[in-house]
Amino acid sequence: MPHDRKAAMETAAVLRKMDTTQPAAGVLTGTGLGDCVQDLDVRRTVPYEELPHFSASTVESHPGKLLMGRIEGVPVMVLQGRFHLYEGYGPEAVVFPVRVLQMMGVKRLIVTNASGGLNPAFSPGDIMVIRDHINLTGANPLVGPNDEHLGARFPDMSRAYDRELSEAAFRVDSSGETLLRHGVYAGLQGPSLETPAEVRYLKAIGADAVGFSTVMEVIAAVHAGMRVLGLSTITNVHNPERPEPSSLEEILKVARSAIPRLGRILREAILETP
């Protein structure tokens, strides 16, 4: 299945027929976080299977729907569910929704995920503003011939995550109730969870949280010239000296408990002056 600029333009054309307003921001939701944009006045809901060239989301808690709506009059597109390398999708398929947002004119992207904490100062339910990431997936969506219409051959990643949007997130935390952290996110391919030895390695190289998503989409967004805010909900904290099994049920429970706090941050970032 093609996931090139032409395909993204075709998908964007379908969406423009549904709503001619150019979205100011896009939100990509992670595991258990599909409802995190709570203030959205939804005007249209489109299942992924109704969109040309879109893949199918096969992971539990990823609804596979695109929402078009407004937050205080600001047009927003929300992608409820993403695609992962571990599902068998290639990098181009994983980032295809970002390319569609690019064709729609989106300049601001907020990516959310559920992740395992590595920093011992973190607690389950904390929200981490991603300061930087480490790509350990062994993949990159920009491999192959570069389309200059999409972005430069060698995009600079020194400021992949937008400082102003991060500051907007921390303004929400001024009350101290949001349990907002900041740190480095390590992206793995998955789906097997980390061994204790891998946890020690990730901590040694400077990672504060780990997960199986986000880095592909952020690379594509930076390539597209978007401002990016990354938000990780810490669902559990790894202790390699006393490892405990993680269950999907517990991960989802913690992720969903963070939705109200995450929603307040998203609202502030969406309403931030471009």
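The values are calculated or read from the model by the stated rules, or taken from the named source; none is laboratory data. Please read all numbers here as calculations on a predicted model, not as lab measurements. In this analysis, Cβ positions are derived from the backbone assuming ideal geometry, glycine residues included, and neighbour counts consider all displayed protein chains.
Just to be sure, is Ala255 part of a helix (DSSP H, G or I), of a type outside the set (Val, Ile, Thr), crowded, with 17+ Cβ neighbours inside 10 Å and modelled with pLDDT of 85 or more? No. Within the stretch 52-67, being surrounded by 20 or more Cβ atoms within 10 Å (Cβ to Cβ) and either closer than 21 Å to Met226 by Cβ or in contact (Cβ under 8 Å) with a residue 40 or more places away in the chain (or both) holds for Phe54, Ser55, Leu66, Leu67. For the stretch 131-169, the set of residues classified as among the basic types (Lys, Arg) and either under 14 Å from Gly230 (Cβ atoms) or touching a residue at least 60 places away in the same chain (Cβ under 8 Å) (or both) consists of Arg131, Arg159, Arg163, listed by residue number.
Within the stretch 185-200, residues that are under 19 Å from Asp126 (Cβ atoms) have Cβ atoms under 8 Å from residues that are modelled with pLDDT under 95 and part of a helix (DSSP H, G or I) in no pair, counting only partners at least 6 apart in sequence or on another chain.
Hey, can you tell me all the residues within the stretch 67-106 that are under 14 Å from the mean Cα position of the chain (by Cα) and assigned to a strand (DSSP E or B)? Met77, Val78, Leu79, Gln80 - these are the residues of the stretch 67-106 that are under 14 Å from the mean Cα position of the chain (by Cα) and assigned to a strand (DSSP E or B).
Only a single criterion out of (1) assigned to a strand (DSSP E or B); (2) modelled with pLDDT under 95; (3) out of contact with any Gly (no Cβ under 8 Å at 6 or more places or on another chain) is not satisfied by Gly230, namely (2).
Every residue, every condition in (1) touching a helix residue (DSSP H, G or I) at 6+ places or on another chain (Cβ under 7 Å); (2) at pLDDT 95 or above; (3) surrounded by 16 or more Cβ atoms within 10 Å (Cβ to Cβ), yes or no:
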residue: Leu109; (1), (2), (3): yes, yes, yes
residue: Leu118; (1), (2), (3): yes, yes, yes
residue: Ile127; (1), (2), (3): yes, no, yes
residue: Ile130; (1), (2), (3): no, yes, yes
residue: Pro141; (1), (2), (3): yes, yes, yes
residue: Gly144; (1), (2), (3): no, no, no
residue: His149; (1), (2), (3): yes, no, no
residue: Phe154; (1), (2), (3): no, yes, no
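Residues in the stretch 233-252 that are of a type in the set (Ser, Thr, Tyr), free of Cβ contacts under 8 Å to residues at least 40 places away in the same chain and either crowded, with 18+ Cβ neighbours inside 10 Å or assigned to a helix (DSSP H, G or I) (or both): 0 in all.
Annotation: of all residues in the stretch 186-227 being hydroxyl-bearing (Ser, Thr, Tyr) and in a loop (DSSP other than H, G, I, E, B), the one that is nearest to Leu165 (Cα to Cα) is Thr214. Scanning the stretch 161-190 for residues that are at pLDDT below 95 and either of a type in the set (Gly, Ala, Ser) or closer than 20 Å to Pro240 by Cα (or both) yields Ser166, Ala168, Ala169, Ser174, Ser175, Gly176, Gly190.
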